[in-house]
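Colleague: Before anything else, here's the structure in question.
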């Protein structure tokens, strides 16, 4: 019998659902304050070991910003496949369509955004995540024929507006989905940047 075979049946394999662990953590952060909750408490609430938690989320800020890579990948896909008559229409529609992936996890999204809006430290940690999305937008503007300055200005404005709109949505408990609120909020962009 090999070592692998002898280890194979011992105990229950540990599986960790990042979405479930993240939601449990976000609830703790919301109830007790992110600075008062330890990663040990998050692990205990999720029923997993501390080391298993750190494999999924290396920090509390990573829990809050979880899923941003998926959003950015979806945004890039939407920008590649979307059609519009102006670049601003393309950015608007693609961002809203990518945001629809969050529409089925409203509690998670709302908790994340409330924490991001209330914690400058957590917001700052996410700048690298936001920069990746901004670069995706910039590249789309350039592919559409815009110069580098226009690409930087339009993508930065769209990103800033998106964060402001979504934090407002979270803090006001607006009943619409994030994508619906963004669609409304982006309506002025076409006249400003068209």
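Colleague: Taking neighbour Cβ counts within 10 Å as the exposure measure, how do 91, 106 sort from fewest upward? Walk me through the intermediate numbers first.
Modeller: Details: 91 29, 106 15.
So the ranking, lowest neighbour count to highest, is 106, 91.
Colleague: Something else now. I'd like the distance between the alpha-carbon centres of the stretch 150-171 and the stretch 26-86, rounded to an integer number of Å.
Modeller: 20 Å
Colleague: Where does helix 127-143 land angle-wise versus the long Cα axis of the chain, in degrees 0 to 90, nearest 10?
Modeller: 40 degrees
Colleague: For the stretch 66-193, list log₁₀ I(q)/I(0) at each q in 0.09, 0.15, 0.17 Å⁻¹, using the Debye formula over Cα point scatterers of equal strength and ignoring solvent, two decimals each.
Modeller: Result of the Debye calculation: -0.23, -0.66, -0.85.
Colleague: Give me 51, 94 ranked fewest to most by other Cβ atoms within 10 Å of their Cβ, as a rough exposure proxy.
Modeller: 51, 94
Colleague: In what order do 112, 176, 150 fall by count of nearby beta-carbon atoms within 10 Å, going from fewest to most?
Modeller: So the residues, fewest neighbours to most, are 176, 150, 112.
Colleague: Between residue 70 and residue 139, with labels modelled 7 Å along Cα→Cβ, what's the label distance in nm to one decimal, could you check?
Modeller: Simple spin-label model gives 2.1 nm for this pair.
Colleague: How far apart, in nanometres, would the label points at residue 127 and residue 52 be if each is projected 7 angstrom from Cα along the Cα-to-Cβ direction?
Modeller: 3.6 nm
Colleague: At what distance in nm do the modelled label points of residue 83 and residue 180 sit from each other, each positioned 7 Å from its Cα along Cα→Cβ?
Modeller: It is 2.8 nm.
Every number in this text was worked out from the coordinates using simple rules, so none of it is lab data. This one's a predicted model, so the numbers in the text were calculated from it and none came from an experiment. So basically every Cβ, Gly included, is an ideal-geometry build from the backbone, and we count neighbours across all protein chains shown.
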